[in-house]
Every structure is written in structure tokens, then in C-alpha cells.
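Asker: The structure that follows is given in the form of C-alpha cells.
The values are calculated or read from the model by the stated rules, or taken from the named source; none is laboratory data. Small disclaimer: the values here were computed from a predicted structure and weren't measured. Glycine also receives a Cβ, built like all others from the backbone with ideal geometry; neighbour counts cover every protein chain displayed. Keep in mind that these areas ignore ligands, DNA and RNA; they rest on the heavy atoms of the full protein, side chains included. Shrake-Rupley method; radii C 1.70, N 1.55, O 1.52, S 1.80 Å.
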Amino acid sequence: MFGAVAAVFNIPFVDSLALYAWTNINQLFYISSLFTTLGESSPLPEGWGTQAVVITGAILLIKLLWDASNDLEDSIEDS
């Protein structure tokens, strides 16, 4: 799936940045959840933390579902 998305954006820097984000989306989700708990002491506006949690959470959910479907396909093929 990532290869298809990366083929659309054929810019080397964007490809490597997107690959990093895709492989480390769980850590990015945890970091973005910290922004919402910081509140006013964060250097970012408060709404940005919530938006980051929603965006990274949605991407993380997609990745987890994608990995689960791949594992299910592999287990069906093995049996």
C-alpha cells in the first residue's frame, strides 16, 4: 500500500518522510496525545493537539487494520 502512495508523490524527500511517518505512526500518535494533555503550557495552539490526535489516530487505525488483514490472509493461505 505504501508503495502505491509513494509512487504518486515521486519526490525523494517526501517519500522518505512519508515512509518514516508510516512506520512510526504509533509513536507519532503517542506524541500527539501528549500535546492535548499539555494544554496551555504547550507552544502550539490548543486545537492543533486535538487535530493531531485525530489525524494520527485515524492513520494508526488504518495501519492496524491493514496489518490485521494481511495477517488474516497469510493465515488463511497457510491452512
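Asker: Out of the residues in region 21-32 meeting the condition of being hydroxyl-bearing (Ser, Thr, Tyr) and open to solvent by 40 Å² or more (accessible area, probe 1.4 Å), tell me which one is modelled with the highest pLDDT. Show your work before the answer.
Answerer: First, pick out the residues of region 21-32 that are hydroxyl-bearing (Ser, Thr, Tyr): 23, 30, 32.
Checking which are open to solvent by 40 Å² or more (accessible area, probe 1.4 Å) leaves us with 23, 30.
Numbers: Thr23: 90, Tyr30: 93.
Applying the filter and picking the extreme gives Tyr30.
Asker: Just to be sure before I move on: is Ile62 at pLDDT 90 or above, in a helix (DSSP H, G or I) and out of contact with any Ser or Thr (no Cβ under 9 Å at 6 or more places or on another chain) in the structure I sent? Spell out the reasoning first.
Answerer: On the way: at pLDDT 90 or above: yes; in a helix (DSSP H, G or I): yes; out of contact with any Ser or Thr (no Cβ under 9 Å at 6 or more places or on another chain): yes.
Yes: the conditions hold for Ile62.
Asker: Follow-up. Has region 37-58 got at least one residue that is polar (S, T, N, Q), open to solvent by 100 Å² or more (accessible area, probe 1.4 Å), assigned to a helix (DSSP H, G or I) and without any contact (Cβ under 8 Å) to a residue 60 or more places away in the chain?
Answerer: Pass one, region 37-58, residues polar (S, T, N, Q): 37, 41-42, 50-51, 56.
Filter once more, keeping what is open to solvent by 100 Å² or more (accessible area, probe 1.4 Å): 37, 51.
Keeping just the survivors that are assigned to a helix (DSSP H, G or I) gives 37, 51.
Subset that is without any contact (Cβ under 8 Å) to a residue 60 or more places away in the chain: 37, 51.
The answer is yes, given that some residue of region 37-58 is polar (S, T, N, Q), open to solvent by 100 Å² or more (accessible area, probe 1.4 Å), assigned to a helix (DSSP H, G or I) and without any contact (Cβ under 8 Å) to a residue 60 or more places away in the chain.
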